[in-house]
Structures are given as C-alpha cells and as structure tokens.
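Note sheet for the following structure.
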Amino acid sequence: MSEKLVFDAPEIMIDRPTHYCPGCHHGVAHRLVGEVLTEMGLVDDTLCVGSIGCSVFIYNYLDVDAVEAPHGRAPAVATGLKRAHKDKFVFTYQGDGDLASIGLAEIVHAANRGEKISVVFVNNTVYGMTGGQMAPTTLVGQKSTTCPDGRCADEHGQAIRMSEIIGGLGGTAYCERVSLDSVKNIRRAKKALRKAFEMQINGTGFGFVEMLSACPTNWKMDPVSANTRITEEMIPYFPLGVFKDVTKDGEE
Amino acid sequence: MARVEFREERCKGCMLCSTVCPKKIICQSSRFNQQGYKVAEVKAEDMENCTGCTSCALICPDLVIKVYREEKKEK
Ligand SMILES: Cc1ncc(C[n+]2csc(CCOP(=O)(O)OP(=O)(O)O)c2C)c(N)n1
Ligand code: SF4
Ligand code: SF4
Ligand code: SF4
Ligand SMILES: [Mg+2]
C-alpha cells in the first residue's frame, strides 16, 4: 500500500513555531500567502513589506526577502520598492491598527495611484500587539482596553469598512473581503489572494484582500469562541465579497 | 484509508481542528508539549475513520497537521 502526502506545510514556511497565541489567525494568513507564492512560482522574486503589529516578525516565518516598514507606512515603502524593482513581486502584510488607523493615508493613496502592489490586510478589530486597544475597525459595543464599556458610535464613530473604501478608488484593480473562520472561507481566501496577486503579475494594478481574523487573546475568548465570533458578529457587519474587479467590469 | 500526523511540538491546543473534522475524531490529549500546550491527537483506534479531507490541516494556524491518503491503485 503506497500513500501520498496530501497536505503539508509549504517549503517557503520556515520550520519554527510561531510566537502567535493559540488560535491566532495570523498563522493561517501567513500559510495562505506562502502557498499562493509557491503555486504562482514567485518565491524567488518576492519582496515582503512587513508592518507593525503582531505580524512584525513575518520575516521569521516566510522565507522571502523582506523590508520592515515604519508603522502604517508599508504601502509607501512598497511603492518605492516596486517602482525601483519592476521585475519583483511586492506585497505588504498589515493589521487593522496599522492600515486603517496610523496608515490610512498611505493605503488610500497607494490604492488611488494604482500602484502595482498587493496588500494582505488582516482585520482582527483590535490593536493586538499592544494589548487590545480600540482600532478604527472595532465593532460598536465591542469592549477594549480603551473603551472598557464597549465602543460607542456617538463618541467613537462606527467601525470603518476598509474594503468598501478601497474598492471605491479609481486605482484599485481588485478588492475582496474574505474570512478565515471556516474551511470553506479559508479556501475562498486563498483564491482571493491568487486573484489579487495576478493583478500585479499581469501589470493590471493594485490588489487588496481583507481577511476577517481572530485575536482570541485581546477579545478575551477561547480560540473556538473567537472563531465563532467572526461568523456571528464580524461577517454580518463586514460583508464578504468582491468590491472591485477590473477584469469583470462591464460584464454584468 | 487515510491518516493524519501531528507535529506535536508546534501544537498550541487551540482545538480549531476538532471543530471542523467531519468524523469528530480529534480530541485534546493530556500530554503537554515543550511550549506548555496540551496537544491535539487522534487516537490510534479512531484513525481508520479519517477520510483525509484535510479540513483540520487547513484551519490549523500552526502548521501542525500532515495528511496522508492511500494512492488509488492503477488498473
Ligand atoms: C509610530 C508608532 N506608533 C505606535 C506604535 C505602537 N503600536 C505597535 S503595534 C500597534 C497596533 C497594531 O495593531 P494591528 O495593526 O491591528 O496589528 P495586530 O497586532 O492586531 O495584528 C501600535 C499602535 C508603534 N510601534 N509605532
Ligand atoms: S495578541 Fe492577538 S493578534 Fe497578537 S498574536 Fe495574540 S491572538 Fe494574534
Ligand atoms: S483529515 Fe479530515 S477526517 Fe481526517 S482528521 Fe482531519 S478533518 Fe478529520
Ligand atoms: S488546530 Fe493546530 S494548533 Fe490548534 S489544536 Fe489543532 S493541531 Fe493544535
Ligand atoms: Mg489588529
């Protein structure tokens, strides 16, 4: 009887345990990026732009060349890298505090300029690394260290929906929101990454994938309940789907 | 026939894998790994029920699980 290995860690993933908490979705997001880079044959031509947040050590896990950007500035760093190295595949990997708060200007303008880069946006509705402060993406009613009674719409505004904003910009070629809460959604997330990455390879333009993710530690939940929170609370507010696809425009 | 292999030293005991297994054969052992987590396992007597669907491996954030399937015999 011969057997075949049908699932294993992609070779691009460095064989070392991650520093992430149990049930943290950064691990799933890293693996999906690694699988897609591998399947698209991009491993040797990739420049990863890391950001500030729990994923700051992404270069310890993905075996590609990497630059660490100052907080929020990954799209600006990626812009420079891509313009100087047009033959390289350049992507940023950013959390919601990084991308939607301090880095809001950089992401919006990079998308609007139609930079030929790809953005992996991990939205876990908090500042994970610094201990769970409110982020622009924190849901109304959600408790955090800086809104211990829950986010209040009157005082703090509502949670910002980044994919809707990025999808509405002229320079964006592809924009999709996916979720990492189920096997079906994880498969979908991988397809979305591939689509966004293809937009850069084909020279079409800016690609953006938002991944709804769990931060069990700062949500003060066990990993299984945190995963369920994505399904029950996040997806209803942050609808999944494609917000822009220039290769489809005009078809419907 | 299929089977899974856990790289126990990487497991963090989050048990997300057990929530997606269609055969409900993944459970938490009483063993701790070096990181201090109680690791997930499939008991030897339950392994024959594994379908090799890879769901557990796809949801595992820590690249713990390898999945093997028996190759189809050629005619
Ligand atoms: C200029 C600057 N301001 C503030 C910080 C502190 N800081 C580090 S990580 C972080 C937020 C990270 O949140 P997010 O991007 O959502 O990443 P997560 O950890 O949730 O994945 C902040 C505010 C910093 N490192 N640099
Ligand atoms: S604090 Fe949250 S985002 Fe950071 S590693 Fe832990 S679970 Fe992941
Ligand atoms: S491969 Fe499928 S059946 Fe086998 S343990 Fe994993 S989830 Fe269960
Ligand atoms: S999902 Fe992975 S890390 Fe979590 S318990 Fe299962 S094998 Fe361990
Ligand atoms: Mg965050």
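Annotations
- Share of carbon and sulfur in the accessible heavy-atom surface of the protein assembly as shown [1.4 Å probe, %]: 51 percent
- Share antiparallel - DSSP beta bridges, segment A:1-131, percent rounded to 5: 5 percent
- Within a Gaussian network of chain A (alpha carbon springs, distance under 10 Å), most fluctuating of A:GLY34, A:GLY150, A:GLY167: A:GLY150
- The mean number of Cβ atoms from other chains found within 10 Å of a Cβ in peptide A:3-12 is 6, as a whole number.
- Using a 1.4 Å probe over protein heavy atoms, the accessible area lost on pairing A with B, summed over both chains, comes to approximately 2600 Å².
- Look at the stretch B:53-60: the mean tally of other chain Cβ atoms within 10 Å of its residues' Cβ atoms is 6.
- Distant alpha-carbon pairs in chain A (separation over 23 angstrom), percent: 47 percent
- Compactness of segment A:8-104, expressed as Rg and Dmax over alpha-carbon positions, Å: 13.1, 39
- Residues losing 10 Å² or more accessible surface upon assembly, segment A:159-199, compared with the chain by itself, 1.4 Å: A:VAL183, A:ILE186, A:ARG187
- Share antiparallel - DSSP beta bridges, the protein assembly as shown, percent rounded to 5: 45 percent
- By DSSP, the beta bridges lying fully in segment A:104-239 are antiparallel in about 20 percent of cases.
- Gyration tensor verdict on segment A:102-234 (Cα atoms; rounded if a/c is under 1.5, prolate if a/b is larger than b/c, oblate otherwise): oblate
- GNM top mover of A:GLU115, A:GLU176, A:GLU155 - chain A, alpha-carbon springs below 10 Å: A:GLU155
- Anisotropy class of segment B:3-68 from Cα gyration tensor, a/c 1.5 cut: prolate
- A straight line joining the Cα centroids of segment A:126-174 and segment B:37-75 runs 37 Å.
- Using the Cβ-Cβ distance between A:LEU5 and B:GLN34 with R0 set to 30 Å, the FRET efficiency works out to roughly 0.75.
- On a per residue basis, segment B:3-68 carries 45 Å² of accessible surface, using protein heavy atoms and a 1.4 Å probe.
- Orphan Cys of chain B, criterion: no other Cys C-beta under 4.7 Å: B:CYS11, B:CYS14, B:CYS21, B:CYS27, B:CYS50, B:CYS53, B:CYS60
- Cross-link pairs beyond the 22 Å C-alpha cut-off, checked among B:LYS23/B:LYS66; A:LYS88/A:LYS116; A:LYS184/B:LYS38: A:LYS184/B:LYS38
The values are calculated or read from the model by the stated rules, or taken from the named source; none is laboratory data. Quick caveat: nothing in here was measured; it's all calculated off a predicted structure. Note: ideal-geometry Cβ built from the backbone for every residue, glycine included; neighbour counts use all protein chains shown. Surface areas here come from the heavy atoms of the whole protein model, side chains and all, with no ligands, DNA or RNA. Shrake-Rupley method; radii C 1.70, N 1.55, O 1.52, S 1.80 Å.
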